[in-house]
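One structure below.
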Amino acid sequence: MDYKPVSTEKTIAQLGYGGLLPFAGLALLIWLVDADLTAFVALALAGYGAVIVSFLGGIHWGIGFKLGADAPPFHFLWGVMPSLMAWLALLMPPFAGLPLLALALGVCYAVDHKSYPSAGLAAWLPMRARLTLVAAFSCLIGAGAV
């Protein structure tokens, strides 16, 4: 068998867009299931959204560690904020927690839009914008069903 390396950019794009499948799938499913399953699907959507929001904060820790001693403390301070927002959203009923997750996704993008260029990550912002829009919209669609 011949091994053909896959480009990092292609792999990242596939993983990023593939990561939207649970958002879109659960947002659709929440409208289709029987009422007795709605809470379970809403929790699944909120849980997945919270994990992704936490992941977005964790990226800033990675940026901070890569920058080393020159890293602005901002990356480490901001890096924990998305996890706290996600945790709060999970404590709320889905009709409130899912919109909070949508807001958190938007805030994460706004912060990344300001901070990614100085970290050399500006090229990823168009994809991040698309991922954010679909993920946030999915959370809002899901909230509309509960």
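The values are calculated or read from the model by the stated rules, or taken from the named source; none is laboratory data. The structure presented is a predicted model; accordingly, all values stated were derived computationally and were not measured. Calculation scope for accessible area: heavy atoms of the full protein, side chains included, ligands and nucleic acids excluded. Shrake-Rupley method; radii C 1.70, N 1.55, O 1.52, S 1.80 Å.
A few comments on the model shown:
- Protein heavy-atom surface of segment 23-63, 1.4 angstrom probe: 81% of the accessible area is carbon and sulfur, with nucleic acids and ligands not counted.
- Taken one residue at a time, the phi angles of segment 69-81 give Karplus couplings (6.51, -1.76, 1.60, θ = phi - 60°) of 4, 8, 5, x, x, 3, 4, 6, 5, 5, x, 8, 5 Hz. Gly and Pro are set to x.
- Computed lengthening from Ala24 to Ala129, 0.36 nm per intervening residue step minus Cα-Cα distance: 36.2 nm
- Once all protein chains are placed together, Lys10 keeps about 110 Å² accessible to a 1.4 angstrom probe.
- With Cα atoms, 0 to 90° folded angle of helix 20-32 axis to the chain main axis: 10 degrees
- Net lengthening on full extension, Asp36/Ser118 (0.36 nm per residue, minus Cα-Cα): 24.7 nm
- Taking every protein chain into account, the accessible area of segment 1-124 amounts to 61 square angstrom per residue (probe 1.4 Å).
- For segment 138-146, backbone phi angles converted through the Karplus equation (6.51, -1.76, 1.60; θ = phi - 60°) give residue-by-residue couplings of 4, 5, 5, 4, x, 5, x, 8, 9 Hz, Gly and Pro being listed as x.
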